[in-house]
1. Taking every eigenvalue of the Cα gyration tensor of the stretch 107-233, multiplying by 5 and rooting it, what semi-axes result, largest first, whole Å?
2. Return the calculated 222 nm mean residue ellipticity for the chain, to the nearest 500 deg cm²/dmol, obtained by summing -39500 (n - 2.57) across DSSP H runs with n ≥ 4 and dividing by the residue count.
3. Need the C-alpha centroid separation for the stretch 1-26 versus the stretch 175-202, integer Å.
4. What is the antiparallel percent of DSSP beta bridges lying wholly in the chain, to the nearest 5?
5. For the stretch 1-129, place one equal point scatterer on every Cα, skip the solvent, and apply the Debye formula. What is log10 of I(q)/I(0) at q = 0.20, 0.22 Å⁻¹?
6. Pulled fully out, how much extra length does the chain show between residue 353 and residue 8, if you take 0.36 nm times their separation in residues and subtract their Cα-Cα distance?
7. How many percent of the alpha carbon pairs in the chain exceed a separation of 31 Å?
8. Based on the alpha carbon coordinates of the stretch 275-334, what radius of gyration and maximum Cα-Cα distance (Dmax) apply, in Å?
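Nothing in this text is a laboratory measurement; each read-out follows from the coordinates by a stated rule. Predicted model only: the values in this text are computed from it and were never measured. Cβ sites come from the backbone with ideal geometry, for glycine too, and all protein chains shown count toward neighbours.
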Ligand SMILES: NC(=O)c1ccc[n+]([C@@H]2O[C@H](COP(=O)([O-])OP(=O)(O)OC[C@H]3O[C@@H](n4cnc5c(N)ncnc54)[C@H](O)[C@@H]3O)[C@@H](O)[C@H]2O)c1
């Protein structure tokens, strides 16, 4: 169960290490040092506080750590520019290596810095949040937000390896754990009904749950498989875009509410409800599933409605700007059944507006 996974991407293939991943990490660091390659670790203030012992124990030097403020606002042009300038001032060359030690914010930013500094340097992911372990650290999507929209600037840049150590989750705040559960539930909905039902039939998962490492590994397996088929999301339909289940809605919520108001996973939870309702509206899915998805999200302390009213007009504008749209038409991921998602285009705006109303938009 705990064996290493391979992300099969030809000459950009890489391993995801699970059990005893810190041994593989220590080994990698030792090899890099032997090859006299400069190392830097991008992290945020929370991680440096809660996990500095881990950083030292695997062989990093605290002087190599670049520390940024925590949270979504750090995925910005400003933090990107500051990090690049720092690397340049330190005279880091093309053999230098960047490690991302953090959640999706640090992973996405570090990946984009690595993709663009000196036209690309090697980078490694050490995800520390549940969301980053099951989703953002795998697959090579990197980037930052603009005030105009989420993830509007970025690059596909695959890591050289991903090291997943679930013991790091012990210091993750409960609300952040819940946010990660939204992405876990997403995988069940879009690709694995048995996964959905396993989570549904047990108590709410926590960082201490015995079943958690296997569930995280299963999510990575599903993501690695989808990414290997459609690395840069260019398939005309389905493909990697299926991983965006709930995300067209979620990104609009994050943008309309202001980055940082919703944790990404919280916005995804509301997005999953909307995507499930849309699937029912289109006659693809049995109505009873809406309540099951609703209960599972609520059981993991996730929101199923907007926290406070947002304007439908603003949400619709944010959706139009979403980079997942094709040829001016809104693009959604819907469910044919639990465990089987499809991309859907050409829907009337009125259908979407009614759905927004149903979760408290005005
Ligand atoms: N690249 C992708 O494929 C992809 C996929 C999904 C989401 N994302 C992106 O990921 C981001 C969200 O990631 P996130 O939810 O991890 O947010 P995050 O990186 O902001 O981390 C959440 C919070 O938890 C803290 N934290 C993380 N790990 C911790 C630990 N072990 N102990 C204590 N505190 C810890 C962080 O400091 C932060 O305050 C969004 O920007 C989203 O767009 C990217």
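1. Numbers: eigenvalues 141, 51, 39 Å².
That gives 27, 16, 14 Å for the three semi-axes.
2. -14000 deg cm²/dmol
3. 22
4. Details: 15 of 33 bridges.
Of the beta bridges lying entirely in the chain, close to 45 percent run antiparallel.
5. Reported log10 I(q)/I(0), two decimals: -1.30, -1.52.
6. Numbers: separation 345, 0.36 × 345 = 124.20 nm, distance 3.99 nm.
120.2 nm is the gain from fully extending residue 353 to residue 8.
7. Details: 19987 of 65341 pairs.
Beyond 31 Å sits 31 percent of the P(r) for the chain.
8. 13.9, 38
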